[in-house]
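Novice: Right, I'll just put the structure down here and ask away after.
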Amino acid sequence: MFRFRDKRTAEIILKKLKRMDLNIRLMHVCGTHQDTLIRFGLDPLLKKVGVEIKQGPGCPVCVTTPREIEEIMLLAKKGKIITVFGDMVNVPGEKHSLQDIRSQGHDVRIVYGIEDAVNIAQKKKKEVVFMGIGFETTIPSTASSLLSSPPENFSVLSCHRLMPPALKAILEMGEIHLDGLIEPGHVSTIIGTEPYRFLSDEYGIPQVIAGFEPLDLLMGVYMLARQIENKEAKVENEYTRLVKKEGNEKAVKMMKEVFEEHDVSWRGFPVIPNSGLQLKKRFEEYDARKKFEDELLELKGKEFKEPEGCRCGEVLRGIISSDECPLFGTVCTPQNPVGPCMVSSEGSCNIMLKYGK
Ligand code: SF4
């Protein structure tokens with residue numbers, strides 16, 4: 001592992017970047033990339049050589065919408081056992097979080113994976129709802145569980161999302177000028193390199209899939225800088241030790257078997273076409289939105305606001321940095337988070353406060 005943290009190699013790459021006399025802005029869409037960028041102090045080093053890197057909508061907890069949080073809280077109030085990943089319990093809905101609901105006596109449990117939720121359902125008679133969040137990295141495990149005939153009292157509230165349509169939305173919205181995209185290594189191990197190609201072909205944007213060690217990221221930046229210098233726009237793969245062109249075909253097949261694409265909004269974004277996944281008709285008995293349609297009816301047509309003063313939406317679109325939010329580190333802290341970007345360990349605000357200061 002330490003050869004991916006070699007200081008001398010990092011200095012050589014930085015010198016090469018400096019010689020290129022750059023003034024470029026890149027975006028990544030991954031909490032782990034943000035962690036590497038800030039934790040290893042790469043951000044200021046890259047800025048010195050003319051490279052600014054923004055974090056886009058790459059934190060699955062952060063992009064979950066207030067409506068989805070209200071849905072799962074309502075199901076908790078209606079007596080279901082709610083199972084979620086740890087960070088989700090503290091994400092504020094319009095007024096409350098799942099943690100607040102739990103302290104009122106509702107059954108909200110933290111699980112480490114969907115298998116834990118299925119196990120709970122096997123042992124209990126009550127309905128168990130799993131909040132399925134995450135991108136292509138976690139979707140196959142949800143699909144795999146649903147293909148293994150879980151018990152009848154188990155269901156999934158699918159909040160899964162796909163990354164390429166969100167990248168397309170950012171480029172189409174045109175709010176922020178980007179010279180290149182650093183694509184997420186984890187997602188790419190599943191989908192491979194090809195699903196990004198249309199972005200280079202249609203929008204002329206250079207792309208590099210990068211790993212998560214400091215030298216992965218620096219090398220990814222260097223590869224993008226070379227494309228930009230050569231006026232190229234293609235998909236390159238820095239993370240060859242794990243990402244294959246074809247991805248993980250078995251995982252993709254499972255995803256396609258269980259889910260179908262639908263239009264969904266992301267926090268801070270309008271509805272993004274074909275960016276969400278819902279369960280196919282064949283699996284509707286496990287679809288919490290169908291199974292509990294009547295109980296969720298009271299949310300129909302309601303608009304849910306972002307927490308007051310929170311600028312997560314702009315952070316997730318790369319418009320502002322976390323420390324440009326007036327609440328950052330004062331009113332909003334990991335102990336008292338106002339928005340999801342401060343809750344999640346993959347959120348830009350949480351990472352910046354943890355390491356940036
Ligand atoms: S600092 Fe807090 S309030 Fe501001 S954008 Fe981040 S999470 Fe939202």
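The values are calculated or read from the model by the stated rules, or taken from the named source; none is laboratory data. All figures in this text were calculated on a predicted structure; none of them were measured in a lab. Every residue, glycine as well, gets a Cβ built from its backbone with ideal geometry; the counts of neighbours run over all protein chains shown. For accessibility, only protein heavy atoms count, side chains too; no ligands or nucleic acids. Shrake-Rupley method; radii C 1.70, N 1.55, O 1.52, S 1.80 Å.
Novice: Treating the angle as unsigned and between 0 and 90°, give the value, to the nearest 10°, between the Cα long axis of helix 249-258 and the longest Cα principal axis of the chain.
Specialist: 40
Novice: Could you sort Arg5, Arg19 by their accessible area in this structure, using a 1.4 Å probe and putting the largest first?
Specialist: Arg19, Arg5
Novice: Now for a different question. For the stretch 312-356, with every protein chain kept in place, what is the accessible area per residue (1.4 Å probe, Å²)?
Specialist: About 38 Å² of surface per residue is accessible.
Novice: I need to check one value: relative contact order of the stretch 312-356, counting alpha carbon pairs closer than 8 Å and at least 6 residues apart, in percent.
Specialist: On the way: 39 pairs, mean separation 13.6, N = 45.
Relative contact order comes out at 30 percent.
Novice: May I pose another question? Which whole-number percentage describes the relative contact order of the chain, with Cα contacts under 8 Å and a sequence gap of 6 or more?
Specialist: 22
Novice: Taking the Cα of Asn230, stepping 7 Å toward and past its beta carbon, and measuring to each backbone N in the stretch 190-223: which are under 12 Å?
Specialist: Residues 223 fall inside that zone.
Novice: Could you state how much accessible area Glu127 has, in square angstrom rounded to the nearest 10, with a 1.4 Å probe and all protein chains kept in place?
Specialist: Accessible area of Glu127: about 50 Å².
Novice: At what distance in nm do the modelled label points of Glu293 and Glu172 sit from each other, each positioned 7 Å from its Cα along Cα→Cβ?
Specialist: Those two pseudo-labels are separated by 2.8 nm.
Novice: State which entries of Lys7/Lys245; Lys78/Lys291; Lys78/Lys300; Lys95/Lys291 exceed 22 angstrom in Cα-Cα distance in the structure shown.
Specialist: Pairs exceeding 22 Å: Lys7/Lys245; Lys95/Lys291.
Novice: Same structure, new question: Please report the net charge: other residues with Cβ closer than 11 Å to the Cβ of Ser345, K and R +1, D and E -1. Before the final figure, lay out each step's value.
Specialist: On the way: positive: Lys354; negative: Asp35, Asp87, Glu346.
With Lys, Arg at +1 and Asp, Glu at -1, the neighbours total -2.
Novice: Of all the C-alpha pairs in the stretch 181-230, what % are more than 15 Å from each other?
Specialist: Numbers: 554 of 1225 pairs.
Summing the P(r) tail past 15 Å for the stretch 181-230 gives 45 percent.
Novice: Taking only DSSP H segments of four or more residues, each worth -39500 (n - 2.57), what value at 222 nm results for the chain once the sum is divided by all its residues, to the nearest 500 deg cm²/dmol? It would help to have the intermediate numbers written out before the result.
Specialist: Values: 18 runs with 142 residues, N = 357.
Calculated from helices alone, the mean residue ellipticity at 222 nm is -10500 deg cm²/dmol.
Novice: Same structure, new question: What is the Cα radius of gyration of the chain over 2.2 N^0.38 Å, N being its residue count?
Specialist: Here the Cα radius of gyration is 1.00 times the empirical estimate.
Novice: Still on this structure: Between the helical axis of 114-123 and the dominant principal axis of the chain, each derived from Cα atoms, what acute angle in degrees is found, rounded to the nearest 10?
Specialist: Between helix and principal axis, roughly 10 degrees.
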